[in-house]
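Bear in mind that the values in this text are calculations on the coordinates, not laboratory data. This is a predicted model, so every value here is computed, not measured. Counting neighbours? That spans all protein chains shown, and the Cβs are built from the backbone with ideal geometry, glycine included.
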Amino acid sequence: MKLPLIIQGGMGVGVSDWRLARAVSLEGELGVVSGTGLNSMLVRRLQLADPGGHMRRALANFFDQSIAKKILDTFFVEEDEIENRHFKRTALPAIKLPVSVQRIYVVAGFVEVWLAKEGHSGSVGINFLEKLQTSNLPTLYGAMLAGVDVVLMGAGLPKEIPGVLDKFARHEDASISVNVIGCSDASKYKTTFSPLAISAHVKTQPMFRPKFFPIVASSTLAHHLMHKSTGTVEGFIVEGMQAGGHNAPPRGPMKLSERGEPVYGERDAANIKEIRELGLPFWLAGSFGSAERLVEALELGANGIQVGTAFAFCDESGLAKHLRDEVIQHWITNSGIDGEPVFTDLQASPTGFPFKVVKLPGTLSEKEIYDQRPRKCDLGYLRQMVVLEDESIAYRCPAEPVEDFVKKGGKSEETLDRKCLCNALMANIGLAQTQEDGYHELPLLTAGDDLINLGQFLQPGRQTYAAAEVLATLKAKAEGES
Ligand SMILES: Cc1cc2nc3c(=O)[nH]c(=O)nc-3n(C[C@H](O)[C@H](O)[C@H](O)COP(=O)(O)O)c2cc1C
């Protein structure tokens, strides 16, 4: 695989879906699908009659048609039979999942990568958040069945993943440790995925081991992953706190700015010299989305850059079109409206990591709108596991009803202002749930500080731009330098 100059960063849920990744790969760079929430995306797209037939086309190429048929029979709804927007869900992620549920994850990982790779020979990656330990393995295996070229993983220390990739490439069982609050032995609880349990025919499928690029915020983390992982690491994404999505917390005691954002200092910037000395390829991320910054990254010895925000608002992005348009109108073409567009929110994400929120009317970024949402946890990707006094495991999310969270040993102050990212992020891509009580889930957008620079991709008189235009703009000054 030729190493890319530009990696289109993985953006969940479904912002970097197969269309965006494919568009970038077709231009010769690395397109990356998000691996987060793919099972819910697949079953909801099917319940909306699968516009364009893309899910069904990919399903028809899954090696075990009995599995594909079962999923279709359970979830597909014809257009004239769609009654409401109350979607049937699959079981919530857990340490042990029924095989029928694991199959949906596998197929969903396969479908997204298969579509991104359809009809060309460019490379495609998949991105996971390390924190989503209970849903990553089957999705990863499915992505490998579709021939994913690179696995990228951030938001944690994914040192067990390289060994998992080696095992899955041989269709062997693989396990990873899961973090359980209240258990000091980090390796006591494991989640395992067994390819043979999915289908007796898996071994007939060709497999190769993708490259592994962990996403790190420091050279210490990169060094640790390079030397302490269960297998090889092939490169790093070095991401700063300007990036969209979740950010690493600042080092040391938390200090807040006047606006209430975490204050980062010099210590938080990765030491690029030390990264370079590790000798592996690396890409810089976090407000590197311009021609000048690509040149700067190359001069620092990087292979290139990873860019998210610029792609999140392009034509091929999975974000609902009206939200992309509103953000561009509100913050770019009418720029100057009420202050800063992006707020680094310490409370928003149930993970406890800082999360960048785009301020946009009509979304959960507005307190009065957020306060109207009845608390509920029904997707559960971000649930924490906790060991109770009787040694049983409970699953809890700081965004669920406060009394439920407290019953499971959580502190009520941990629930303050926590947003249900799972439902909001599904709403961002046009797959919002209408709950049984009639509440319609609302969006909450994320983007990096680079949001204010989107104007550079807009041709005069236009309000939209394509992924290819982002790539051309970014590469404008780097010709001959890579
Ligand atoms: C909408 C959005 C969603 C994101 N989701 C994820 C994610 O699920 N996993 C991840 O590792 N990074 C995620 N990121 C970070 C990007 O992959 C990328 O590293 C980052 O956006 C680069 O910085 P930039 O936003 O300044 O271009 C997200 C970024 C955006 C803008």
Principal axis lengths of the range 286-383 from Cα atoms, whole Å, largest first?
50, 36, 26
Packing-based exposure ordering (other Cβ within 10 Å, fewest first) of LEU225, LEU445, LEU3, LEU256:
LEU256, LEU3, LEU225, LEU445
Sorted on mean Cβ neighbours within 10 Å (highest first), peptides 270-279, 302-311, 146-155 come out as 302-311, 146-155, 270-279
Considering the Cα trace of the range 327-482, what is its radius of gyration and what is Dmax, both in angstroms?
19.5, 65
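Just how large is the dipole of the range 358-403 about the Cα centre, in debye to the nearest 20, putting +1 at every Lys and Arg Cβ and -1 at every Asp and Glu Cβ? If you can, show how the numbers build up before the last one.
Details: 7 positive and 9 negative charges, 70 e Å.
Magnitude of the dipole: close to 340 debye.
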For the range 419-427, in residue order, the Karplus 3J(HN,Hα) values (coefficients 6.51, -1.76, 1.60; θ = phi - 60°; whole Hz; Gly and Pro = x) are 9, 7, 5, 4, 6, 5, 5, 5, 5
Largest-first principal axis extents, alpha carbons of the range 373-448, Å
42, 33, 20
The range 110-160, convex hull of Cα, quarter of hull surface, nm² -> 3.5
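So for MET11, MET254, fewest C-beta neighbours within 10 Å to most, what's the order? Walk me through the numbers before you get to the answer.
Values: MET11 28, MET254 11.
So the residues, fewest neighbours to most, are MET254, MET11.
Determine, from the Cβ-Cβ distance of ARG267 and ARG85 and an R0 of 45 Å, the FRET efficiency 1/(1 + (r/R0)^6), rounded to the nearest 0.05. Before the final figure, lay out the partial values.
Numbers: r = 47 Å, r/R0 = 1.04.
It comes out at approximately 0.45.
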GluC sites (Glu not before Pro), restricted to the range 283-387: which are DSSP loop and have at most 16 other Cβ atoms within 10 Å?
GLU366
Once the cut-off is 22 Å, how many percent of the Cα-Cα pairs in the range 43-166 end up in the long-distance tail?
39
Output for the range 403-482 (equivalent-ellipsoid semi-axes, sqrt of 5λ from the C-alpha gyration tensor, Å, descending) is 41, 18, 11
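Just to be sure I understand: if I project the alpha-carbon convex hull of the range 117-191 onto a plane and average over all orientations, what area do I get in nm²? Kindly include the intermediate steps, with their values, before the conclusion.
Numbers: hull surface 21.3 nm².
The Cα convex hull of the range 117-191, projected and averaged over all directions, gives 5.3 nm².
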Quick one: Debye curve from the alpha-carbon atoms of the range 79-136 only, equal weights, vacuum; give me log10 I(q)/I(0) at q = 0.13, 0.14, 0.15, 0.23 Å⁻¹ to two decimals.
-0.53, -0.60, -0.68, -1.01
What is the total of Lys pairs in the range 1-140 with C-alpha atoms under 29 Å apart, excluding same-chain pairs fewer than 8 positions apart?
12
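When only Cα pairs under 8 Å and 6 or more residues apart are kept, what is the percent relative contact order across the chain? Spell out each step's value before the answer.
Working: 994 pairs, mean separation 78.1, N = 482.
RCO, the chain: 16 percent.
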Which residue, chosen from ALA222, ASN303, HIS322, occupies the Cα position most advanced towards the positive end of the dipole of the range 206-355, where the dipole is computed from +1 (Lys, Arg) and -1 (Asp, Glu) charges on Cβ about the Cα centre?
ALA222
Under 11 Å, Cβ to Cβ, from ALA248 - net charge with Lys/Arg +1 and Asp/Glu -1
-1
Range of Cα positions in the range 188-236 per principal axis (Å), largest first:
43, 30, 16
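Listing SER100, SER392, SER317 from the residue with the fewest other Cβ atoms within 10 Å to the one with the most, what is the order?
Going from sparsest to densest Cβ surroundings: SER392, SER100, SER317.
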Where does the chain land on Rg/Rh, using Cα atoms and the Kirkwood Rh?
0.94
Roughly how many debye, to the nearest 20, is the charge dipole of the chain about its Cα centre, given +1 on each Lys and Arg Cβ, -1 on each Asp and Glu Cβ, and no other charges?
1100
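Using DSSP to call loops (not H, G, I, E or B), can you name the trypsin sites (Lys or Arg not before Pro) in the range 113-190 whose Cβ has at most 12 other Cβ atoms within 10 angstrom? The partial results should precede the final answer.
On the way: sites: LYS117, LYS131, LYS159, LYS167, ARG170, LYS188, LYS190; in loops: LYS131, LYS159, ARG170, LYS188.
Qualifying residues, ordered by number: ARG170, LYS188.
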Farthest toward positive dipole pole in the range 1-153 [+1 Lys/Arg, -1 Asp/Glu at C-beta], among ILE7, PHE110, LEU129
LEU129
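Hey, what's the Kirkwood Rh for the range 136-272 if you take every pair of different alpha carbons, in angstrom? Display every interim value, and only then the final one.
Working: mean 1/r = 0.0592 Å⁻¹.
Over the range 136-272, the inverse of the mean reciprocal pair distance is 16.9 Å.
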Under the Karplus relation 6.51 cos²θ - 1.76 cosθ + 1.60, θ = phi - 60°, what is the ordered set of whole-Hz ³J(HN,Hα) values for the range 320-332, x standing for Gly and Pro?
3, 4, 5, 6, 4, 4, 4, 5, 5, 5, 5, 9, 10
Sort 351-363, 173-185 by packing, meaning the average of other beta carbons within 10 Å per residue, with the highest value first.
351-363, 173-185
